[in-house]
1. Taking only the alpha-carbon positions of the range 273-360 and ignoring solvent, what does the Debye formula give for the base-10 log of I(q)/I(0) at q = 0.10 Å⁻¹?
2. Would you grab the residues whose amide H sits under 5 Å from the one on Asp365? Only those 5+ places off in sequence or on another chain, please, with H modelled 1.01 Å from N.
3. Check which residues have an amide H placed less than 5 Å from Glu275's amide H, if you skip close sequence neighbours.
4. Under the Kirkwood approximation applied to all pairs of distinct alpha-carbon atoms, what is the hydrodynamic radius of the range 172-300 in Å?
5. Quick one: how many Å² of Arg238 are accessible to a 1.4 Å probe, rounded to 10?
6. For the range 120-163, give the magnitude of the charge dipole about the Cα centre (Cβ charges: +1 Lys/Arg, -1 Asp/Glu; no others), in debye to the nearest 20.
7. Which whole-Hz couplings ³J(HN,Hα) result when phi for each residue of the range 109-114 is put into the Karplus expression 6.51 cos²θ - 1.76 cosθ + 1.60, θ = phi - 60°, listed in order with x for Gly and Pro?
8. For Ala367 and Leu65, calculate 0.36 nm times their separation in residues minus their Cα-Cα distance, and state this gained length in nm to one decimal.
Amino acid sequence: MTFSELTCFRTIRVLVLPLAVAALAAPVLAAPRKPLADSELLERLPLRAGDGSARELAALRTGMLAAPGVPGPAALLAQAYFDLAMARGDPRYVGYAEAVIARFGEPQAASLRVVRGLLRQYRHDFGGALDDFAAALALDPGFAAAHAWRAAIFLVQADYAAAQQECATLQGLGRATLFGGCSGLVQAYGGHLDAGYRTLQQALATTDDPGNRLWLLTRLGEVAAWRGQPALAESHYRAALALGRDDGYLLAAWGDFLLDQNRPAEVLVALAGWESADNLLLRLAEAAAALRRPEAARLAQALGERFAAAGLRGDTTHRAEEARYRLRLRGDAGAALRLAAENYRVQREPRDAHVLFEAALAAGDAAAAQPASDWLAASGFEDARLRRLGQELMLAGPRSGIPGRQSPERRAASPGGAGR
């Protein structure tokens, strides 16, 4: 892997597509146009001042073009594009990575299959991704990235036994940092927060790589928050931020933490300049709404337009974020519950259960959240806030009679507030 060995465990979750251009013309979608030549320039993507990504990408492209038909340089370039999509929240880089992979026919080398697998999981084709990783491992059983990505998908699917098998393989391959990150999450998700926290700490001690440290500090922050230790969680988040690296997952987690701590003004500062990334625009809109800021309506409208444009394309990879938007910014509990339930059939991480519980409570339909309730009981996941939501659902019964559309007053007082 190029930027960080732990990219796979940062998140399997798709960054909601930043459709600013498409949203402006949502009623009339123009047909896509294929460039007439590889040299044709369609658009320059924004890069931050002092950013070395452009130089790195240029070097990787040169390396690929100098060795046509050789999979190694192409896989490195495609991986770099994917890492930028994850860091910046810009899925155009995913399209670039897919174009690189498409240069090669079947059968593909193990390195290309791994990158194609991570691009497939980005689009929630988890079955196809697992197939690609399995095929890569058949060619190269020691390909650590393939084992790590398989573990990450199994974690999202709440198949902790399968994830732990991949963790054990990573340990056998001598990949201490990958093993620690993998096992720490399996423990945390599976009802052992204290053990998971210790394992992640041990993994942090094994690496000096800034990317690995950023990821581990971020997850330590999340686990500390789940353990009810906000001061400790904040120290981890700030240490990760101090590394000075763009990371969409870190910024979203930090924004959620601040919202959960009723500090929306700090969200507006922390995420300033990130409106192009839809998952961060969601946090900005929630913070502005909580503060009743003038820009709240504009931010919510922009987010709604992007979701609408995605819907016109049949894109369903953003359902958890749209459920949260429908519930917290529009007060439409019925639509939020439908989206959250559809999302939970595909992704079953704690945050997915959280938005499903919130929507089910608001809609008065505890039965719709039964799969998440079953997971909570079986896993023993220890986050007190999530368990309180589950208990409220049990007390409410299958249907509590709450109207499907939530009033602003009830929304403001709903469990979880404006946070996750």
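The values are calculated or read from the model by the stated rules, or taken from the named source; none is laboratory data. Only a predicted model underlies this, so the values are computations on that prediction, with no experimental measurement involved. Glycine also receives a Cβ, built like all others from the backbone with ideal geometry; neighbour counts cover every protein chain displayed. Only protein heavy atoms, including side chains, enter the accessible area calculation; ligands, DNA and RNA are left aside. Shrake-Rupley method; radii C 1.70, N 1.55, O 1.52, S 1.80 Å.
1. Debye intensities relative to I(0), on a log10 scale: -0.23.
2. Residues meeting the amide H criterion: Ser400.
3. Amide H to amide H, under 5 Å and 5 or more residues apart or across chains, Glu275 pairs with nothing.
4. On the way: mean 1/r = 0.0650 Å⁻¹.
For the range 172-300, inverting the mean 1/r across all distinct Cα pairs yields 15.4 Å.
5. 120 Å²
6. The calculation lands at about 100 debye.
7. Along the range 109-114, the couplings run 5, 4, 5, 6, 5, 5 Hz.
8. Working: separation 302, 0.36 × 302 = 108.72 nm, distance 5.55 nm.
Separation in residues times 0.36 nm, less the Cα-Cα distance, equals 103.2 nm.
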